[in-house]
Amino acid sequence: MQTNFTPAQLADPHVAESEQILRKCVHCGFCTATCPTYVTLGNELDSPRGRIYLIKDMLENGRPADAEVVTHIDRCLSCLACVTTCPSGVDYMHLVDHARAHIEKTYKRPFMNRLVRAILAAVLPYPDRFRLAIKLSSVGRPFAGFLQHSPALKPFAAMLALAPRHIPPASIYAAPASHAAAGEKRGRVAILTGCAQPALDPGINEATIKLLTRLGVEVVVPEGESCCGSLVHHMGREEQALASARANVDVWTGELEKGGLDAIIITASGCGTTIKDYGHMLRLDPAYAEKAARISSLAKDVTEYLASLDLPAQMPKGVIVAYHSACSMQHGQRITMAPKQLLKAAGFNVRDPAEGHLCCGSAGTYNIMQSDISEALKTRKVRNIEATKPHVIATGNIGCMMQITTGTAIPIVHTVQLLDWAYGGDVPEKLKDLPLA
Ligand code: SF4
Ligand code: SF4
């Protein structure tokens, strides 16, 4: 694509990067076929190609964002299916990151929209606030029907619909500690405990720590970890996201220098995509660029790390698992085979739902801010999953788990919980009542 940025504009490294990205797009439109919003809405401006044009026009003319750009960029899930599909290697992820930051700086959103976004940014990244918000949701639940009918208040209705009715007690495994390897030690890793995940399903990190230590890996939960910054990053709140990234880089660098680390284990693929991008996010910060790149190179999804441990094959269990590949797993991190291969080797009968490339509609805060599109995508996803007639659904991202579980009665667990069970751990709590357990 031809661009016409001035030298003065290109002096801004963010603009210079976006220009390079834009120039790679050849308008072929292959990406439209796999874009969930285009598939759902059928509007070119809700396709990757349409959004690329809007972003180009906004940046090239040095304009503040307007309502049209904001509407179509806000509808983008950042699922990155377009990046997987694009034959020209267009780095849409960093282009839309730049567009979101530009929107945040130059566009004044309507009051209620600003309020909802401010609440999400102030609550979700902090586990204690998040737990409190879930507890308080029972007070608001009777008003959900009323909230649903006002466009400005609809996000609150979506929050109430997504909030679980019960939250498990905090796990002792979330506390800073070093969990020793059982038997001969074969590695040392740090684990990101996360923000929303330990509140919603502490069993995921527990299963990870128990499985890894049983396999001979020391697992450290470092003191001072914060949210990875992904949620605010996707809202265009760059400074807040960079502050989280810097804090985590400091914590993990300290741990690295103290006892060495083979990997930083991440159990939510949405966080994994962002942490693997810390090197890029902090590339312009001389104090952090090198450290952040080192941390990104150590970041591993738990299934990526387990695949390197060469686990022994297990007897078939007769359990049918529909594997839902989160967008951040398959498109963001390009991890497609490892989770399924691990599950198969662990004795599970793994099935691939149709249209696996399409997002479930979760996408961070998307299911709150864009609840209608999110709902349509969830319905489509659940239909495809249920068609495989599974006993259980497995995935590697808490956001997808919370989204899909509101649309089906089939239990959904994290892949690592099934692997922990297969390699000597307890039956996952959600499967205890099923005849297969
Ligand atoms: S597939 Fe790639 S090159 Fe083609 S229109 Fe989409 S982003 Fe541009
Ligand atoms: S990130 Fe996903 S929703 Fe956004 S343009 Fe690409 S394919 Fe479409």
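The values are calculated or read from the model by the stated rules, or taken from the named source; none is laboratory data. This structure is a prediction, so every number in the text was calculated from the model and none was measured. Don't worry about glycine lacking a Cβ; one is built from the backbone with ideal geometry, like all the others, and counts go over all protein chains shown.
Some observations on this one:
- Looking only at the range 332-354, and only at residues there that are among the basic types (Lys, Arg) and not in a helix (DSSP H, G or I), the one that is farthest from GLU304 (Cα to Cα): ARG351
- For the range 28-51, a residue qualifies if it is surrounded by 24 or more Cβ atoms within 10 Å (Cβ to Cβ) and either of a type in the set (A, V, I, L, M) or more than 14 Å from ligand 1 (Cβ to nearest atom) (or both), and exactly one does: PRO36.
- The helices (runs of 4 or more DSSP H) found entirely in the range 141-260 that carry 1 or more residues being under 25 Å from ASP97 (Cα atoms) and not assigned by TED's automatic domain parsing to the domain that holds GLN417 are 154-162, 196-200, 230-233, 238-259.
- The set of residues in the range 74-106 that are closer than 21 Å to LEU377 by Cα and more than 15 Å from ligand 1 (Cβ to nearest atom) comprises ASP74, ARG75, LEU77.
- Pair list, Cβ < 7 Å and 6+ apart or interchain, from the range 79-90 residues that are more than 8 Å from ligand 2 (Cβ to nearest atom) to residues that are among the basic types (Lys, Arg) and part of a helix (DSSP H, G or I): SER88/LYS24; GLY89/LYS24; VAL90/LYS24
- Pairs with Cβ under 6 Å, 6+ apart, first in the range 325-344 and closer than 13 Å to LEU80 by Cβ and touching a residue at least 24 places away in the same chain (Cβ under 8 Å), second polar (S, T, N, Q) and within 16 Å of ligand 1 (Cβ to nearest atom): HIS331/THR84
- Residue match in the range 93-116 (condition: surrounded by 20 or more Cβ atoms within 10 Å (Cβ to Cβ), away from ligand 2 (no atom under 16 Å from the Cβ), closer than 17 Å to GLY270 by Cβ and outside the structural domain of SER47 (by TED's automatic domain parsing)): no
- Checking the range 288-306 against the condition returns no match, with no residue being buried (at least 24 other Cβ atoms within 10 Å of the Cβ), among the aromatic types (Phe, Trp, Tyr), assigned to a helix (DSSP H, G or I) and within 23 Å of the chain's Cα centre (by Cα).
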